[in-house]
1. For the subset of the range 134-147 comprising residues that are surrounded by fewer than 19 Cβ atoms within 10 Å (Cβ to Cβ) and touching a residue at least 60 places away in the same chain (Cβ under 8 Å), which member is nearest to residue 80 (Cα to Cα)?
2. Scanning for something of a type in the set (Ser, Thr, Tyr), under 24 Å from residue 103 (Cα atoms) and not in a helix (DSSP H, G or I), does the range 150-165 turn up at least one residue?
3. Please name all residue pairs, on different chains or six or more residues apart, with Cβ atoms under 7 Å, provided the first residue is in the range 52-81 and is at negative phi and of a type outside the set (Val, Ile, Thr) and the second residue is modelled with pLDDT under 90 and open to solvent by 70 Å² or more (accessible area, probe 1.4 Å).
4. When residues of the range 49-66 are filtered for being of a type in the set (A, V, I, L, M, F, W, C) and over 27 Å from the mean Cα position of the chain (by Cα), how many remain?
5. Mind counting the residues in the range 208-221 that are surrounded by 14 or more Cβ atoms within 10 Å (Cβ to Cβ) and in contact (Cβ under 8 Å) with a residue 60 or more places away in the chain?
6. Can you give me the number of residues within the range 103-156 that are closer than 25 Å to residue 66 by Cα, among the β-branched types (Val, Ile, Thr) and within 16 Å of the chain's Cα centre (by Cα)?
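The values are calculated or read from the model by the stated rules, or taken from the named source; none is laboratory data. Given the structure is predicted, the values throughout are model-derived calculations rather than measurements. Don't worry about glycine lacking a Cβ; one is built from the backbone with ideal geometry, like all the others, and counts go over all protein chains shown. These area figures cover heavy atoms from the full protein model, side chains too; ligands, DNA and RNA do not enter into them. Shrake-Rupley method; radii C 1.70, N 1.55, O 1.52, S 1.80 Å.
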Amino acid sequence: MNKYTPKTLVLEVVMIAVAIVFFIPVYVLINLSFKLPNDPTGPLQPTTHVTFQNYVDAWQQGHLANALLNSSVIAVVSVILLIFISALAAYPLARVAKRWSRVTFFVFMIGLLLPFQLAMIPLYSTMRDLGLLGTVWALVIFYVGMQAPFSIFLYTGFLRAMPSDYEESASLDGCGPMATFWHIVFPLLRPITGTVAILNVILIWNDFLTPLLYLSGSGTQTVPVALFSFVGQYVSQWNLVFAGLVISIFPILIVYFALQRSIIRGFASGLKG
């Protein structure tokens, strides 16, 4: 048993202070979401007149029901495709010890260095020619292509750190490469799969520029674009923006807390490679 020392006390005080600093923006967000538009109190001062009308107005005026549905469809479909494609791509990259495997891995890693803004206009033209502008499929294709290098990096690192004993046993029993992957390897990738899922969901859910670009002029919109409708050139309804942000946070929090243990284990293991 470790003794409680002055060093431990100082460490606890520091961690509590850091937690308070990180909690302040959350407190401000929730506090402002309950304030009236003409409330004279500051953002840190608790509101004296709590109102839930902001949430009702944000839900109705911002059409958040449709926005949440669109964001959920885009995030879920994109993440499922990312997991499927990245895991399949990472398996030979991690297990085949040949020059082409290393070269291919580094080619994928170049995708981590190049900003997507370089291809923003060509991608927009391609989506327009395919007739996908204004649909959720344009965003699904974009996110899968943009996030595949990062997901492959995590899967490859995890696979390189994982022993191949089970795969060799399955091979001796006559199991083919694909059957070995789906029945033996993929179930063992559960920790890193949780990490890939939550990191990509957060990025896709919070992205603003890409939905604004590809869904502009259509009735389809995601949550960040829907909340942007409350911000005008002359009048901004900040109370509705903050209420909408609180509403949009809940789905991500549910997913995060459900996968929290897998995220920490998978991300730490994925970096070992």
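1. Out of the qualifying residues, it is 135.
2. yes
3. Close Cβ pairs satisfying both conditions: 62/229.
4. Step one: list which residues in the range 49-66 are of a type in the set (A, V, I, L, M, F, W, C), which gives 50, 52, 56, 58-59, 64-65.
Pick out the ones that are also over 27 Å from the mean Cα position of the chain (by Cα) and you get 50, 52.
Number satisfying all stated conditions: 2.
5. Within the range 208-221, the subset surrounded by 14 or more Cβ atoms within 10 Å (Cβ to Cβ) is 210-215, 220-221.
Restricting the remaining residues to those that are in contact (Cβ under 8 Å) with a residue 60 or more places away in the chain gives 210-211, 213-215, 220-221.
Qualifying residue count for the region: 7.
6. The total comes to 3.
Yes or no, residue by residue, for (1) among the β-branched types (Val, Ile, Thr); (2) under 30 Å from residue 132 (Cα atoms); (3) at pLDDT 90 or above; (4) assigned to a helix (DSSP H, G or I):
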| position | (1), (2), (3), (4) |
| --- | --- |
| 174 | no, no, no, no |
| 191 | no, no, no, yes |
| 195 | yes, yes, no, yes |
| 198 | yes, yes, no, yes |
| 204 | yes, yes, yes, yes |
| 260 | no, no, no, yes |
| 266 | no, no, no, yes |
